[in-house]
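Here's the structure we're looking at; comments come further down.
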Amino acid sequence: MNDRRNTLRNTAFSSIGIYAEYFLGMVASIVIARHLGPGHYGVYSMFIWFAAIGIVVTNSGITTGVIKFISEFRGNGNEAMIRPLLSYMRRVQAWHMVLVVGLAGAGLALAGHRWANTPDLAEFLLLAAAVAMRAPYMFNIAVAKGFEAFDATARVSMVAAPLNLALVVGAVLLKAPMFWFLVVYATSSAIFLGISWWQARRLVATVPPAAPMASELNQRIRRHLRIVSVTIVVGFLITSDVEIVFLNTFASSADAGYFKVAYQLATGMMLLVPGVFAAVLLPMMSKALSRGRDQAAQKFVAVTTYLVMLCAPVVIFGVCFAAPIIQLLYGSRYGAAAPVFAVAILASAIATANQGATSLLVSADRQQTILVMVVVFGVIKLSLDALLIHQFALRGAMVAILTEAVSSTTAYVLIGLRVSGARLDGRRLAAVALAAAGAALVALPVLLLRMPVLLTVLLGGVVVLGSYGVLTLLLPCWNQGDIAQLQELHARFARNWPQPLHRLLLRAGERASARAERAA
């Protein structure tokens, strides 16, 4: 199998696994949220967040190291080092896990009942068991990725995710209280672990017998763990919904429930748009940088522009139709989550716009800069959360996530511009903003039709996407090459039908050619 076909195959299996696990996991979370209600769901979400941070700390730097070094050993024909690498990493993981569970237990003992919604002993044991199973599951997935066996990761998701959803639905049908959903979480953790262990075991069985690990390799692994661990843990605090912990502490569990459903839905919707694109940004930027600073600058500007263009219709749809979307998915009890969802999807889009800058910095070996930025903005986010949520509850959380997204993205993009020597295409970005505003004006009257919620959401999505697409062609949002590509796709898959769209593409191409000639 050649490299191109292998890449396409891996991309297909990776996408299948990611989207299947995300979609079914989102359905499961919606079912749980509707069953428990905002108050209990806020507490449940905080418990799951505790487990998530435990998994991240347990695996901090380990899973990325497994992927990195297995790929390296397979590339240089040194497969005999894979077994000792995995043995060493599993020992490090075990010590991390002991430390995490021990610190969590000590924190629980010190908190006692002085802290609102503290897990009791049974709940703590379930969460600890889930961490002890989910962390090795992620380790096994990293092994599969290191072997580029994305079909194995897809199999895990395609089997375990439906079983998890079935367990959740069963608990709902039995009208189970919150505790039993923690039991479901621990049980599904065992399922994910078992299936992933089988897949990883099959892959490792193909490598030759173990060889002693060289001291130089041991030092490289230790250095990797030291540098990457801090970045991953603090990065998780920035990108995760840590606000639910502060809301449970300073506000109410219901506010935490509102925030959880809004934040999870917003970040998930944004993941579906740039998710596939983001997967190719790092190698794309590295290749451009290897050809010179000018090439990297052009690629950085283009990537940032396209990310904004991709995110804009999702933001317009989410902001304009926040209320019907929340009502459709979660029910009327979660109506207070609608404004949070509107702010969260905007913040998520702003954060997405810096992916080109971070890929550029990694390609330029500016990992130290990224580490400093992650720590600084991690401190900023936690400080804003503690201050604003304590004073303004749910509104404070909304201001905190938006402020952090704007400030961090601005900083990353400015550093990216300085490193590459590039200048953003202000004219195209302004045209995209104008197209998005126009799409919003066209779509807002849909809310006045007073249709059933499902029809409102569906029609709103069609109107936003259609009007935004037309406006981007009327305005200078696309360059000459983009229009040519769109014309080719329209001719290949739709045979230039409908004719109005064909004529619109032709005129857009003529205007783009004229702009290119004037610029030349």
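General observations
- Proximal aspartates and glutamates to K145, defined as alpha-carbon separation beneath 19 angstrom and excluding residues fewer than eight positions away on the same chain: D3, E21, E72, E79
- Charge dipole (the chain, unit charges on Cβ, about Cα centre) - positive-most of G318, G416, V101: G416
- Calculated mean residue ellipticity at 222 nm for the chain: -28500 deg cm²/dmol, from DSSP H runs with n ≥ 4 weighted as -39500 (n - 2.57), summed, divided by the residue count and rounded to 500.
- Its relative contact order, with pairs defined as Cα atoms under 8 Å and 6+ residues apart, puts the chain at 17 percent.
- Per-peptide average of other Cβ atoms within 10 Å, ordering 81-87, 324-330 highest first: 324-330, 81-87
- Mean Kyte hydropathy of -0.5 or more with a Cα span along the axis of at least 24 Å, helices from DSSP in the chain: 3-58, 82-111, 121-146, 150-173, 178-204, 215-239, 253-272, 293-320, 367-384, 390-420, 426-443, 453-474
- When nucleic acids and ligands are ignored and a 1.4 Å probe is applied, K68 ends up with an accessible area of around 90 Å².
- Magnitude of the charge dipole for the chain, about its Cα centre and with charges confined to Cβ atoms of Lys, Arg (+1) and Asp, Glu (-1), is about 880 debye.
- Packing-based ranking, highest mean first, of 227-233, 104-110 given that Cβ atoms within 10 Å are counted: 227-233, 104-110
- Straight-line cross-link partners of K381 among the lysines, defined as a Cα under 20 Å from its Cα and at least 8 positions apart when in the same chain: K260.
- Computed on the range 459-520, with alpha-carbon pairs under 8 angstrom and 6+ residues apart, the relative contact order is 38 percent.
- Semi-axis lengths (Å, descending) of the ellipsoid that matches the C-alpha gyration tensor of the range 326-437: 30, 20, 11
- Short-range pairs are left out: with C-alpha atoms under 8 Å and at least six residues apart, the relative contact order of the range 8-162 is 49 percent.
- Average accessible surface for the chain: 48 Å² per residue, computed with a 1.4 Å probe over protein heavy atoms with every protein chain in place.
- Given R0 = 56 Å, the distance between the Cβ atoms of M451 and N218 translates into a calculated FRET efficiency of 0.30.
- Divided by 2.2 N^0.38 Å, where N counts the residues, the Cα radius of gyration of the range 134-199 comes to 1.23.
- Using a probe of 1.4 Å on the protein chains alone, the accessible area found for H390 is around 110 Å².
- Farthest toward the positive end of the dipole of the chain, out of S253, V156, L473, is the Cα of L473, where the dipole comes from beta carbon charges about the Cα centre.
- In a DSSP loop and with at most 16 other Cβ atoms within 10 Å, the chymotrypsin sites (Phe, Trp or Tyr not before Pro) in the range 25-120 are W115.
The values are calculated or read from the model by the stated rules, or taken from the named source; none is laboratory data. Note that the structure is a prediction, hence the values are computed from the model and not measured. Note that each Cβ is placed from the backbone with ideal geometry, even for glycine, and that neighbours are counted across all protein chains shown. What goes into the accessible areas is simple: the full protein's heavy atoms, side chains included, and nothing from ligands, DNA or RNA. Shrake-Rupley method; radii C 1.70, N 1.55, O 1.52, S 1.80 Å.
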